[in-house]
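Coordinate-derived values only; no laboratory data. The structure presented is a predicted model; accordingly, all values stated were derived computationally and were not measured. We place every Cβ from the backbone using ideal geometry, glycine too, and count neighbours over all the protein chains shown.
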Amino acid sequence: MTRLKGKVALVTGGSRGIGAAIARRLASEGAAVAVNFAGSREAAEEVVAEIEAGGSRAVAIQADVSDTSQCAALVVECIERLGGLDIVVNNAGITRDGLTVRMSDEDWDAVLDTDLRSAFAIVRAAARHLMKQRSGSIINMSSVVGLVGNAGQANYAAAKAGLLGLSKSLAREFASRNIRVNAIAPGFIETEMTGELPEGVRETARAQIALGDFGTSDDVAAAVAFFASDESRYITGQVLAVDGGMTFV
């Protein structure tokens, strides 16, 4: 498919897992992709090589998105190297799990800075360009945890819920400039992290999912590609749960 031919996409946290799947999917639909990474240059370069082998353009750009000044520089470099910016996918995220009474300020701040503040900083940096061209699609990667909460993840749940409020507010701010903002809330997705869960925990999780199994990174990437394309031209300010029927919200 070529739904995104001629478009330029920036994917934060694009070197592995869901982010890498998103970068590959957007490229397969015709977009040039900036693959952001914090430390894993080799992994990012592998994603870039895969994309280039498929006939699309891609670049790897290092930036720690928890640092707002690096967010601004990341957007500038993306535009300079790929010639524009049309699609912003705020995917970067970390976890620092722990019960609230034992959670340190450092663990709270690290998650909020990487998972929530980074999205604000990236959008702020990209807004002038998107507003000038009067088009764009911003997709923020939330989580079902942001919808229903989870014990031991107060910081992560707060950040992911914050992304939902941020997305809706941005959608209202940017609608007059034809910039759409939506959020995706993945449920249990097969990644390196979920692969390490004990089988008993996995079975308990499956029992909460109407479709009876975990999703894949490609399932999430397909939803991102839809929001990035003109097929969702009349959709903004919405949250799509890619969770197999775990929440029905």
**Request:** Give, in nm to one decimal, the length gained when the segment between residue 201 and residue 80 is fully stretched (0.36 nm per residue of separation minus the Cα-Cα distance).
**Result:** 39.0 nm
**Message:** For the range 88-127, compute Rg over Rh where Rg is the Cα radius of gyration and Rh is the Kirkwood radius from the inverse mean 1/r over Cα pairs.
**Reply:** 1.09
**Item:** Computed label-point distance, nm, for sites residue 104 and residue 247 using a 7 Å Cα→Cβ extension
**Value:** 3.0
**Request:** Run through all the Cα pairs of the chain and give the fraction in each 10 Å bin from 0, expressed as whole percent.
**Result:** 8, 33, 38, 18, 3, 0
**Request:** Would you look at the GNM of the chain, springs on alpha carbons closer than 10 Å, and say which of 118, 229, 104 moves the most?
**Result:** 104
**Asked** Which aspartates and glutamates have a Cα lying under 14 Å from the Cα of residue 5, excluding residues fewer than 8 positions away in the same chain?
**Response** 29, 86, 230, 231
**Prompt:** So what's the back-of-envelope 222 nm ellipticity for the chain, counting only DSSP H runs of four-plus at -39500 (n - 2.57) apiece and dividing by all residues, rounded to 500?
**Reply:** -14000 deg cm²/dmol
**DSSP bridge pairs, the chain: antiparallel proportion in percent, nearest 5** = 0
**Fill in**
Computed from the beta carbon distance with a Förster radius of 35 Å, FRET efficiency for residue 69 and residue 97 to the nearest 0.05 stands at 0.80
**Fill in**
residue 237 neighbourhood, Cβ < 12 Å, K/R = +1, D/E = -1, net charge +2
**Spatially proximal lysines relative to residue 160 (Cα-Cα < 17 Å; intrachain offsets below 8 disregarded)** = 168
**Fill in**
Expected max-MSF residue from 218, 105, 97 in the GNM of the chain (alpha carbon, under 10 Å) is 105
